Amino acid sequence: MTLPTDLIVHDSTELKKVAEELTRENLRLNETLAALKRSQAKVLHQEKMTSIGRLAARVACEINNPIGFINSNLFTLGNYLSRLTGFLAVQSECIAAGAPPEKVESVRRQQVSLKIDYIVKDLGDLVRESLEGAEHVRGIVEDLKRFSFVDESEYKQADLNECLRDTINLAWNRIKHKAILRKDLAEIPRTRCCPREMSRVFMNLLVNAAHAIEDQGAITVRSREEDGYVCVSVADTGQGIPEEDLNRIFEPFYTTKEVGQGTGTGLGLSIAYDIVKKHDGEITVRSEPGKGTAFTVRIPVVEEV
């Protein structure tokens with residue numbers, strides 16, 4: 001018995017169509033699964049960041065009040081010391097002008113024996129260094145507060161080149177003794193962003209670049225438009241970042257700095273990362289130990305709605 005040829009061809013075509021449809025469906029399922037995994041990872045990351053943010057906010061509140069008292073008291077102590085120093089100088093002049101020579105010599109010996117001149121000078125240094133330390137702690141508190149909260153109400157159309165120039169001016173005192181600063185700022189479109197927070201990103205990158213340079217080096221800041229994104233890069237000729245640290249460089253509280261260098265919280269790059277992500281952008285890093293590091297921030301060009 002001979003089977004109809006057209007029936008066999010028909011069945012083969014249907015099977016091929018079903019197989020192709022199953023393949024396409026399988027690809028769609030794999031893409032959906034990958035998207036779900038990415039979403040899950042993003043949700044877990046956001047939950048982790050939220051928890052850390054709440055902890056940072058509590059720590060900042062606990063530190064803020066006592067450091068305010070310390071700072072105020074040290075400032076007052078500095079004023080008192082200035083008055084006492086002036087009084088001692090006038091008193092010494094009066095003693096020298098009117099007291100018998102033997103009394104003047106006795107006071108002078110006591111002054112030398114008790115190291116009064118050294119104490120007065122050292123007190124001034126102690127107060128100054130303590131105020132610097134209090135300011136250091138205040139900066140850490142501000143970092144913690146910024147990490148725990150980003151004000152989205154300040155979003156507006158802005159020129160990131162202007163943000164860069166303003167931030168460079170603010171950071172100049174931290175840079176000028178360590179590096180030559182080179183600027184290569186191209187014409188870029190205005191975009192909707194939070195200028196204050198983007199300035200914070202640039203400040204962290206500039207200060208990190210300065211800290212990475214041990215003696216003297218160069219920091220290069222570039223801006224450009226690329227495929228609908230505004231791109232800003234900050235590159236230094238510093239020590240570079242070891243390869244094993246690159247994957248952790250944006251983690252909260254992770255730092256490669258030694259104790260006492262910078263604020264030491266390990267929040268700077270984490271804050272920058274979080275801000276850039278809130279702008280639907282990305283921040284990347286490439287580094288070579290001994291040659292330097294370059295961070296690149298990319299945020300989309302968004303027109304005012």
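The values are calculated or read from the model by the stated rules, or taken from the named source; none is laboratory data. What you see is a predicted model; the values in this text were computed from it and never measured. Positions of Cβ are backbone-derived with ideal geometry, glycine not excepted, and every protein chain shown enters the neighbour counts. The protein model used for the area step is the full one, side chains on, heavy atoms only, and it has no ligands, DNA or RNA in it. Shrake-Rupley method; radii C 1.70, N 1.55, O 1.52, S 1.80 Å.
Observations, loosely collected:
- Per-pair calculated FRET efficiency, R0 = 45 Å: Lys156 and Glu129 via Cβ, rounded to 0.05: 0.65
- Under Karplus coefficients 6.51, -1.76 and 1.60, residue-wise ³J(HN,Hα) of the range 171-188 in Hz, glycine/proline x: 8, 4, 5, 7, 9, 4, 8, 10, 8, 7, 9, 10, 10, 9, 9, 8, 5, 10
- Take each peptide in 23-36, 161-174, count the other Cβ atoms within 10 Å of every residue, and average; sorted highest first, the result is 161-174, 23-36.
- Protection-proxy order for peptides 60-70, 85-95, each taking the mean of Cβ atoms within 10 Å per residue, highest first: 60-70, 85-95
- Amide H contacts of Leu267 (H built 1.01 Å from N, in plane; Pro and chain starts excluded): Phe253 sit under 5 Å, all sequence-distant by 5 or more or on other chains.
- With every protein chain in place, the range 65-117: carbon and sulfur % of accessible area (1.4 Å): 63 percent
- Rounded if a/c under 1.5, otherwise prolate or oblate - the range 174-223, Cα gyration tensor axes: oblate
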